């Protein structure tokens, strides 16, 4: 840590440091881009993985927090860059260094109005182009008359802009267009059979070849982060189940871990085991759904039902213990809401016993099929460098050979006690992504069998920490926690001023990064491949839109 | 074998005895037309039910179960629903071509339907280029699909129609070549003579390896020509929502839907005519007792049974395989099926010339 601090202070003498869980650096915007380049390229630092950019409004200033991880040393670094100008807030873009910033900076621009100098495509990401104001600013006017429900088409949806800094320091706006007039643009969504929800992709095509894809997000943006700021901590938990509904347990687990970390609550061991079991069941069900949806998008409708057949049984297990099949609401601060159903272990063992035979059937039906192999192999290739640059984590990231499993890189809960393998492939194409998921199903089964043994050995029925305060107030400070959700690293950033509700709560979702890479992955392939690639990347829309 | 020709001849004589010849012909034409359309509609309904049930079984489901016993009335309910649906008027389309397209598709389908040999003596027209006529008539359908895609003024339909044009024209070559292979073996293009030539063994068994190759090519290419999975690119649901018929509603959509199912029956019917002996029962030379028993099964049952069996195979791979991509689809045809088909045609010619077939 000290080494990093020394290197940074040499590069940027005005930077101030603070030691939290990880090193926190505050830099001035003028030095920021130079430092960012060094952070990425300097071998001593090597922060090549930008986990996320969290915008924040501190009232006297506004700015961003950049959270970095080094893929080699797994060290973390938080950089804070702020501006005091509220009228025309501007920061320098780092999208030329980390491609993931392309979408994250657009999100910050959308919600805070901070313009990023040098960003090639400065448009709103979630909200309509005619939205008035920037919702996450603390002085935002939520008057419904300013932003009525508009029923017409968005004006100028093709208009974009780039802000360029001249030599004398003035910033010039250059207007542009996403698609040129002569391009043949085909619209997929927001109502389309294979966008898996209300996602909209616009693709410029030449014959059957896709030239460029422009994902348009925000059709189900619910402003969860804004809502959280007016809710108490236990109330914010319910939103996590509604982001990536296929990683409901993991997301909620993450938020609980973050709050518990801030409060210093130690969760009972039994609750930890139950949480991890639920996480793995969720991952299993998510990968089964992913198998079903991918095969169905490629036209193999029967395979879809095979995946769903086994998934139903997992949902039955959830229903018995959590009382719900979709929005499960099981983790709470300090543990889980209730002990597991008496049949739980028996049911989990039953599904573990069934999976090997079912997997064999899936492979027979789809994996080995010559059409399926031709459709997926070599299609939508992302290299390891692309995956890191776009921060594509989870099975899609591991398919490129990047070891990005948070369960291994930064083990939380009881994962370091468990014996499992981090699955990676090297090809980075759709088939590799598909195979990572299929092989992770085997690992889930392996984990669940171990966890069943652990849970049986665990005496007592203590499923929640005894000393959880009635009114939960986090101390002043900020915390960041990541878990491995079904689709990649899911992070929660909380900033607290000591109140009952968070000052700022940011959810760093894996699917937003995945969607950011769609253009890269799809360009140059066929229309049919666009569907295969998006299906194999496997994003869930509510997680993008939050 | 009961010859339905005796009934039709008797009916013809009856009409001729009470009215002039031209009037009898007109009445016969009308009756045949009505019967054909009726059979067409009933078969379509049967096929929809057949596919839904089969696909349900492949997918660990039950399929329609609520309307009528085993859901047999479900299809009638669906058809009735399609009939009473509104035809939505669209702005900015080529109205004439838009309305014409479904009729072209269904006419092509009905015309090729009429050439099939239904049973012993049950055939509408039997002329010396019957097979040729069948190929020509079924090719008309692509025109309707192209027009539908073009006139809808929609990007999905246009892409669907262009795919369909490329696909159907390509795959027709292979269908034609494999049919030609059998024509070479039979030495005739007349439908009735083709059936008669298979009295002592179906062409699939008589034609050596060459007929088997032709049969396999025919099955693949026919699936491609009818736009069914894994070659259902023109309406690839997950890419183009519904492809060329995205904008159609009501009975216009119904026509496309019916034509799709009936084309499945037609290609199955042609396959049973060319390879499995049409309505001809399974005869094994020398096994007279066996052949006698086979003859007791009515010829119509033989024909329908064979057609349904081939449809079953086509439905089976539709519901098992993922969809191919357009470049792979064309590569399959032009790089594999057509060269193999051409080679096979030469092989068959040699077999026939040297009399090496059974």
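We did not get these values from a lab; they are worked out from the coordinates using the rules stated. Since this is a predicted model, take the numbers as computed values, not measurements. Cβ atoms come from the backbone with ideal geometry, glycine included; neighbour counts cover every protein chain shown.
General remarks:
- If R0 equals 41 Å, the separation of the Cβ atoms of residue A:269 and residue A:44 corresponds to a calculated FRET efficiency of about 0.55.
- Cα-only radius of gyration and Dmax that characterise the stretch B:95-194, units Å: 16.0, 48
- Each Cα pair under 8 Å and six or more residues apart adds its sequence gap; the mean of these over the residue count of the stretch A:2-178 is a relative contact order of 15 percent.
- Sorted by Cβ neighbour density within 10 Å, fewest at the top, the residues A:413, B:6: B:6, A:413
- Paramagnetic reach from residue A:37 in the stretch A:92-129 [backbone N under 15 Å; point 7 Å along Cα→Cβ]: A:92-98, A:118
- 20 Å reach of a label modelled at residue A:141, 7 Å along Cα-to-Cβ, counting backbone N of the stretch A:105-130: A:110-114, A:127-130
- Per-residue [θ]222 nm for chain A (sum of -39500 (n - 2.57) over DSSP H runs n ≥ 4, rounded to 500): -12000 deg cm²/dmol
- Chain A - share of DSSP beta bridges that are antiparallel (%, nearest 5): 90 percent
- Per residue Cα convex hull volume in Å³ - calculated over chain B: 162 Å³
- Stretch gain in nm, segment residue B:342-residue B:12, where the contour uses 0.36 nm per residue and the Cα spacing is subtracted: 114.4 nm
- Percentage, to the nearest whole number, of Cα pairs in the stretch A:90-137 over 14 Å apart: 41 percent
- Model label points for residue B:335 and residue A:10, set 7 angstrom from Cα along the Cα-to-Cβ axis, are 5.5 nm apart.
- 12 Å reach of a label modelled at residue A:446, 7 Å along Cα-to-Cβ, counting backbone N of the stretch A:402-428: A:418-424
- Base-10 log of normalised Debye intensity for the stretch A:380-420 (one unit scatterer per alpha-carbon) at q = 0.18, 0.35 Å⁻¹: -0.52, -1.15
- Average projected area [Cα convex hull, the stretch A:76-168], square nanometres: 7.9 nm²
- Within the listed set B:167, B:328, B:198, the Gaussian network model of chain B (springs between alpha-carbon atoms below 10 Å) gives the highest mean-square fluctuation for B:328.
- Anisotropy class of the stretch B:20-122 from Cα gyration tensor, a/c 1.5 cut: oblate
- Orientation-averaged projected area, Cα convex hull of the stretch A:261-362 (nm²): 7.4 nm²
- For the stretch A:357-431: rounded, prolate or oblate by the Cα gyration tensor [a/c cutoff 1.5]: oblate
- In terms of other Cβ atoms within 10 Å, A:23, B:38 run from fewest to most in the order B:38, A:23.
- Compactness index (Cα Rg / 2.2 N^0.38 Å), the stretch A:2-178: 1.10
- Ranking of B:156, A:539, B:336 by neighbouring Cβ atoms within 10 Å, starting from the fewest: B:336, B:156, A:539.
- Computed over the stretch A:224-520, Cα set: Rg, Dmax in Å: 19.1, 59
- Normalised by residue number, the volume inside the convex hull of the Cα atoms of the stretch A:18-81 is 84 Å³ per residue.
- Chain A: equivalent-ellipsoid semi-axes (sqrt of 5 x gyration tensor eigenvalues, Cα, Å): 35, 30, 22
- Once the Cα-Cα distance is subtracted from the 0.36 nm per residue extended length, the residue A:462 to residue A:408 segment shows a gain of 16.7 nm.
- Dividing the mean sequence gap of close Cα pairs (under 8 Å, 6+ apart) by how many residues chain A holds gives a relative contact order of 16 percent.
- Antiparallel DSSP beta bridges within the stretch A:2-178, as percent of all bridges there, nearest 5: 75 percent
- Fully extended contour minus Cα-Cα distance, from residue A:151 to residue A:75, at 0.36 nm per residue: 22.6 nm
- With the largest listed first and rounded to whole Å, the semi-axes of the equivalent ellipsoid of the stretch B:277-317 from the Cα gyration tensor are 24, 11, 7.
- Take each residue in B:134-141, count the other chain C-beta atoms within 10 Å of its C-beta, and the mean is 0.
- Equivalent-ellipsoid semi-axes for the stretch A:429-546 (Cα gyration tensor, √(5λ), whole Å, largest first): 36, 26, 9.
- Cα pair distances of the stretch A:131-231 binned at 5 Å [whole percent]: 2, 9, 12, 16, 16, 16, 14, 9, 4, 1, 0
- Take each residue in A:293-303, count the other chain C-beta atoms within 10 Å of its C-beta, and the mean is 6.
- Ratio Rg/Rh, restricted to the stretch A:317-381 and using Cα atoms, in which Rh is the Kirkwood radius: 1.22
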